[in-house]
Protein chains: 2
Amino acid sequence: MATLIAPDHPSPVEDAESLRKACEGWGTNEKVIISILGHRNSVQRKLIKQAYEEIYHEDLVKRLESELAGDFEKAVYRWMQDPPNRDAVLANVALRHVNQDYRAIIEIACINSPDELLAAKQAYHSLYKHSLEEDIATHTKGDFRKLLVALVGTYRYNGEEINASLAQSEANILHEAIRGSTFNQEEIIRILGTRSKAQLNATFNHYRDEHKISITKNLSGDTKDEFLGALHATIRCIYAPQKYLAKVLRNAISKTGADHDDLTRVIVRRAEKDLKDVKEFYYKRNSVPLDHAIGKATSGDYKAFLITLVGTEGH
Amino acid sequence: MATLIAPDHPSPVEDAESLRKACEGWGTNEKVIISILGHRNSVQRKLIKQAYEEIYHEDLVKRLESELAGDFEKAVYRWMQDPPNRDAVLANVALRHVNQDYRAIIEIACINSPDELLAAKQAYHSLYKHSLEEDIATHTKGDFRKLLVALVGTYRYNGEEINASLAQSEANILHEAIRGSTFNQEEIIRILGTRSKAQLNATFNHYRDEHKISITKNLSGDTKDEFLGALHATIRCIYAPQKYLAKVLRNAISKTGADHDDLTRVIVRRAEKDLKDVKEFYYKRNSVPLDHAIGKATSGDYKAFLITLVGTEGH
């Protein structure tokens with residue numbers, strides 16, 4: 001479930017006018033900006049952008065960028081992007097970043113539905129005149145590359161039907177690939193890179209039943225290894241996405257100098273989707289409500305904006 | 001250019017009525033069926049199917065199947081399918097066939113536009129409750145599998161922009177991968193499996209300019225090797241699709257007992273697209289017009305139907 005609380009039919013014109021007022025004169029009224037944009041879903045935000053453009057012949061997002069600063073500005077900017085465009089930009093940023101962090105790409109490839117991933121790939125074409133697949137393939141190498149290109153490239157079947165005997169045989173193939181005498185990445189990539197999520201979850205369940213240990217726990221080896229790290233993240237994003245995101249938030253918050261990019265990404269991407277479930281996992285694991293943790297790790301308008309999106313109705 | 005000649009606004013209701021009459025009573029009037037369906041484009045055929053269903057509460061395609069026989073029946077059946085469904089079925093047939101022939105899959109992956117391929121993949125989901133990627137990965141192995149899954153999986157950028165220095169460097173990577181001391185399939189698959197067609201064609205042109213030989217001629221080795229065969233077909237489908245299809249037709253016709261599946265597939269898939277260009281390549285290479293060659297290799301209603309689609313206005 002989502003955490004975003006939005007009214008049913010707000011007036012885009014009134015919203016545009018209030019935002020304009022909040023931007024005009026001496027000093028910006030951030031509270032108004034947060035109180036409006038922090039309570040509008042993506043369709044409503046799109047209508048506000050259109051109304052603002054029509055009335056003031058000015059790009060609302062550009063105006064906000066010039067009025068706001070720092071992490072708050074970045075979060076509002078991400079929040080105002082259309083979801084497919086946002087994912088395309090996040091994937092591109094991950095590829096161009098010096099310390100490339102591919103978790104954003106794995107989230108986009110594996111937590112999105114097949115059609116959401118497709119929309120992000122189409123947005124990527126428009127923005128960068130390349131395919132996401134080719135840019136990933138250019139910036140990575142080895143098994144890590146094969147895994148990422150497969151995850152992004154595949155158009156998974158999205159149905160719920162599963163084949164139980166296939167789950168059984170592929171759980172065994174994965175076990176043999178992971179625990180056998182030679183680590184066989186090829187079969188792992190084939191299975192993770194092509195099967196439907198429902199089928200993969202049946203396979204992971206069978207793995208746990210048969211081998212009395214979850215596949216991720218069984219994936220031993222150097223946790224700094226790029227390929228193994230990506231494999232862990234992939235399986236978690238498919239098997240327990242909300243639990244995985246709670247962990248990403250935990251890591252982002254507990255870093256010395258919280259990692260605001262990770263924090264912003266997860267909250268902005270999931271507030272309209274499943275952030276309520278992520279919050280529950282967060283509380284269960286950390287015994288601290290997510291909004292309290294965010295409150296301690298951040299400050300100012302950025303903090304107020306994130307907490308508006310996350311909601312404060314307890315854990 | 002297409003070879004199909006269709007009137008601008010035929011009446012779907014009149015067509016449905018004429019087809020019904022052709023099917024009724026003693027004996028079927030195949031000539032009428034050919035004269036109507038052989039001159040209607042895919043949108044018009046769809047409207048005829050709808051009109052027929054509404055008037056007679058009967059599925060036109062099922063009725064035709066029960067009236068017709070042999071290669072003619074198969075060709076009409078393929079012709080009446082929506083293009084994305086047809087491609088999905090052709091890909092599935094190729095995978096389930098005893099002597100698996102993957103050329104159909106390579107044609108679908110590499111000659112189709114990225115959006116046509118996507119539509120075929122979506123149709124595949126609906127029909128088979130699996131993704132095309134996973135079924136290919138299940139039925140194939142090794143480098144051959146990696147290539148096919150990459151070709152089908154990627155959502156290529158479809159723009160015309162190219163990067164000339166990238167074409168130069170990747171032509172050299174391909175040359176090194178093919179002619180170097182160890183054959184490097186990984187880089188070949190990355191490049192063919194992710195770059196846009198425009199970019200790949202620039203790369204193939206640069207290869208030819210730099211090395212005075214085309215990349216396909218340079219791909220020596222056992223022509224019976226599955227992976228090398230697929231690599232040849234892939235490059236030809238991207239670089240010179242009409243010339244490639246002329247070759248497929250030539251092979252289909254010159255076999256003892258022409259290969260009617262290949263013949264039907266190419267003609268039915270391309271009659272509304274670029275069969276006129278294919279015909280020109282055919283004539284240039286064989287000095288025999290395609291319709292003459294088909295006339296010699298086939299007979300009866302099947303022959304009449306194919307020649308209607310191919311057109312007889314010379315080569």
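Below are the figures for this structure:
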item	result
Verdict on B:Thr138 being at pLDDT below 95 and either within 11 Å of chain A (Cβ to nearest Cβ) or surrounded by 20 or more Cβ atoms within 10 Å (Cβ to Cβ) (or both)	yes
Complete set of residues in segment B:157-215 that are assigned to a helix (DSSP H, G or I), away from every other protein chain (no Cβ under 14 Å) and β-branched (Val, Ile, Thr)	B:Ile178, B:Ile215
Given (1) touching a Lys or Arg at 6+ places or on another chain (Cβ under 9 Å); (2) under 15 Å from A:Tyr102 (Cα atoms); (3) of a type in the set (A, V, I, L, M, F, W, C), number of the condition A:Phe281 does not satisfy	(2)
Scan of segment B:225-252 for residues that are of a type in the set (D, E, K, R) and over 21 Å from B:Leu174 (Cα atoms), ordered by number	B:Lys243, B:Lys247, B:Arg250
In segment B:39-73, the residues that are aliphatic (A, V, I, L, M) and either over 20 Å from B:His9 (Cβ atoms) or touching a residue at least 12 places away in the same chain (Cβ under 8 Å) (or both)	B:Leu47, B:Ile48, B:Ala51, B:Ile55, B:Leu60, B:Val61, B:Leu64, B:Leu68, B:Ala69
A:Tyr56 being farther than 23 Å from A:Arg265 by Cα and aromatic (Phe, Trp, Tyr)	yes
Which listed residue is surrounded by fewer than 17 Cβ atoms within 10 Å (Cβ to Cβ), closer than 23 Å to A:Leu174 by Cβ and not assigned by TED's automatic domain parsing to the domain that holds A:His39, from A:Lys255, A:Lys296, A:Lys284, A:Lys217	A:Lys217
Extreme residue, nearest to B:Gln81 (Cα to Cα), among residues of segment B:7-42 that are of a type in the set (A, V, I, L, M) and surrounded by 17 or more Cβ atoms within 10 Å (Cβ to Cβ)	B:Leu37
Complete set of residues in segment B:124-135 that are assigned to a loop (DSSP other than H, G, I, E, B) and more than 8 Å from every other protein chain (Cβ to nearest Cβ)	none
Selection status of B:Gly38, at pLDDT below 95 and farther than 30 Å from B:Leu228 by Cα	no
Segments classed as helices (runs of 4 or more DSSP H), wholly inside segment B:46-99, with at least 2 members that are farther than 22 Å from B:Leu117 by Cα	B:60-67, B:70-80
Positions within segment B:174-200 being free of Cβ contacts under 8 Å to residues at least 24 places away in the same chain, surrounded by 18 or more Cβ atoms within 10 Å (Cβ to Cβ) and over 27 Å from A:Ala123 (Cα atoms), in sequence order	B:Ala177
Qualifying positions in segment A:69-118 - surrounded by 21 or more Cβ atoms within 10 Å (Cβ to Cβ) and either at positive phi or basic (Lys, Arg) (or both)	A:Arg86
Residue in segment B:144-154 that is closer than 21 Å to B:Ala202 by Cβ, in a loop (DSSP other than H, G, I, E, B) and within 12 Å of chain A (Cβ to nearest Cβ) present	yes
Among the candidates B:Ala75, B:Ala177, B:Ala164, residue that is among the hydrophobic types (A, V, I, L, M, F, W, C) and at pLDDT below 95	B:Ala177
Filter result for the condition that a residue is polar (S, T, N, Q) and modelled with pLDDT under 95, over B:Asn112, B:Asn85, B:Asn99	B:Asn99
Condition check for B:Glu107: at pLDDT 95 or above, charged (D, E, K, R), assigned to a helix (DSSP H, G or I) and assigned by TED's automatic domain parsing to the domain that holds B:Asp135	yes
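The values are calculated or read from the model by the stated rules, or taken from the named source; none is laboratory data. All figures in this text were calculated on a predicted structure; none of them were measured in a lab. Ideal geometry is used to build each Cβ from the backbone, glycine not excepted, and the neighbour counts take in all protein chains shown.
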